[in-house]
1. Where only protein heavy atoms count, and the probe is 1.4 Å, what is the accessible area per residue for the range 67-129 in Å²?
2. For K89, which lysines qualify as cross-link partners when the Cα separation must be under 21 Å and same-chain residues fewer than eight apart are set aside?
3. How far is the Cα center of the range 58-72 from the Cα center of the range 118-191, in Å?
4. Over the range 53-153, with every protein chain in place, what whole percent of the accessible area is carbon and sulfur at 1.4 Å, could you tell me?
5. Can you give me the relative contact order of the range 159-213 as a percent, contacts being Cα pairs under 8 Å and 6 or more apart?
6. Relative to the first principal axis of the alpha-carbon coordinates of the chain, what is the inclination of helix 41-66, with its axis defined by its Cα atoms, in degrees from 0 to 90 and to the nearest 10?
7. Could you work out how much longer the chain between S111 and S204 gets when fully extended? Use 0.36 nm per residue separation minus the Cα distance between them, nm to one decimal.
8. Note down the nm distance, to one decimal, between modelled labels 7 Å out along Cα→Cβ at A59 and at S20.
Amino acid sequence: MKIFLVLSAIIAISQALTYSALVRQEWHSFKLQHDKKYSSTAEEEFRMKVYMENRELIAEHNARYAMKEVTFSMAMNEFGDLLHDEFVKMMNGYNSTHAEEMGKKGTPYVSQPNVKAPASADWTSTGAVSAIKNQGSCGSCWAFSATGAIEGQHFRATGQAVSLSEQNLIDCTTQYGNNGCYGGVFQSAFQYVIDNGGIDSESSYPYEAQQDGCRYSPQYSAATISTYVNIARGDEGQLTEAVGTIGPVSVAIDGSLQSFQFYSGGIYYDTACSSSNTNHAVLVVGYGTTSDGYAYWTLKNSWGTTWGQSGYFFLYRNYNNQCGVATAASYPVV
């Protein structure tokens with residue numbers, strides 16, 4: 001009996017050591033993949049603990065996904081060593097309070113009586129949508145949403161695909177109520193481009209992930225707009241019509257949930273996702289309906305290609321304004 005207990009203890013210790021080694025190896029791979037560096041051993045130990053807790057959360061969720069209890073999967077990504085509060089503070093940069101003020105400007109959307117939205121739309125296959133970008137550790141989602149919408153309308157008007165400068169908007173729109181890496185709204189960005197007479201190209205004014213002095217140069221201006229149009233608050237019908245017939249549309253959503261932090265595929269749905277607490281700006285680039293009848297939106301994020309489905313995600317469409325996708329939606333007019 002004693003021999004059995006000793007052997008059991010040895011096996012348990014061996015398994016624990018093996019698991020610990022695997023965890024360390026996995027942590028090392030995570031740091032290499034995402035170029036993570038820490039200032040001290042204590043900080044690294046803390047970050048590894050956070051990583052392991054997030055890892056467990058993801059595993060539990062995916063077990064439910066395998067049982068078809070939830071509609072989307074989760075995966076480890078570059079945010080794996082962040083506490084959720086840190087993630088929200090860093091990545092959610094849409095100022096909904098300022099957006100309400102800017103929503104009074106622009107032009108209200110008017111449905112065209114003889115125009116019918118197609119059953120589905122995908123602007124990523126036309127050249128109207130630039131490659132996935134990465135805002136980094138800067139709350140500038142609003143700027144990426146704005147450039148994405150302008151890029152789409154510029155392409156539709158001219159046939160030319162051009163990547164526009166988010167840094168131009170970050171540096172030059174403080175007088176419009178935006179606050180660089182600490183938040184802003186795409187409506188203010190549109191108004192700046194209108195008043196300024198243009199926005200520079202990405203290549204002439206590259207992204208820095210921090211605010212600097214305004215360096216707009218008219219000689220490098222790559223696109224202009226004349227006004228912007230606001231979709232009626234919460235109206236997914238108008239949003240569908242606009243996306244289907246006009247092009248990509250800037251929208252704000254509730255992107256603050258931990259489930260969204262690690263989203264990796266499927267149609268995102270979380271009962272805690274707010275339709276009024278919009279805090280993250282993205283771009284609707286299409287919509288459709290699954291083979292089993294579920295309507296969805298296709299959206300472009302600005303968190304790089306390692307997040308979501310190569311940088312994109314899906315939301316339920318016509319489902320009580322899921323995550324506030326139609327709460328604050330606008331598009332520019334070239």
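The values are calculated or read from the model by the stated rules, or taken from the named source; none is laboratory data. Just so it is clear, the model here is predicted, and its values are computed rather than measured. Don't worry about glycine lacking a Cβ; one is built from the backbone with ideal geometry, like all the others, and counts go over all protein chains shown. For the accessible areas, the whole protein counts, side chains as well, though only heavy atoms, and no ligand, DNA or RNA atoms are used. Shrake-Rupley method; radii C 1.70, N 1.55, O 1.52, S 1.80 Å.
1. Details: 3760 Å² over 63 residues.
Averaged over the residues of the range 67-129, the accessible area is 60 Å².
2. Qualifying lysines at Cα under 21 Å: K36, K37, K49, K133, K300.
3. One Cα centre to the other: 33 Å.
4. Details: 2660 of 5080 Å².
Here carbon and sulfur together make up 52 percent of the probe-accessible area.
5. On the way: 63 pairs, mean separation 28.2, N = 55.
Computed value for the range 159-213: 51 percent relative contact order.
6. Long axis of 41-66 versus the principal axis of the chain: about 80 degrees.
7. Numbers: separation 93, 0.36 × 93 = 33.48 nm, distance 3.74 nm.
Result: 29.7 nm gained on full extension.
8. 1.7 nm
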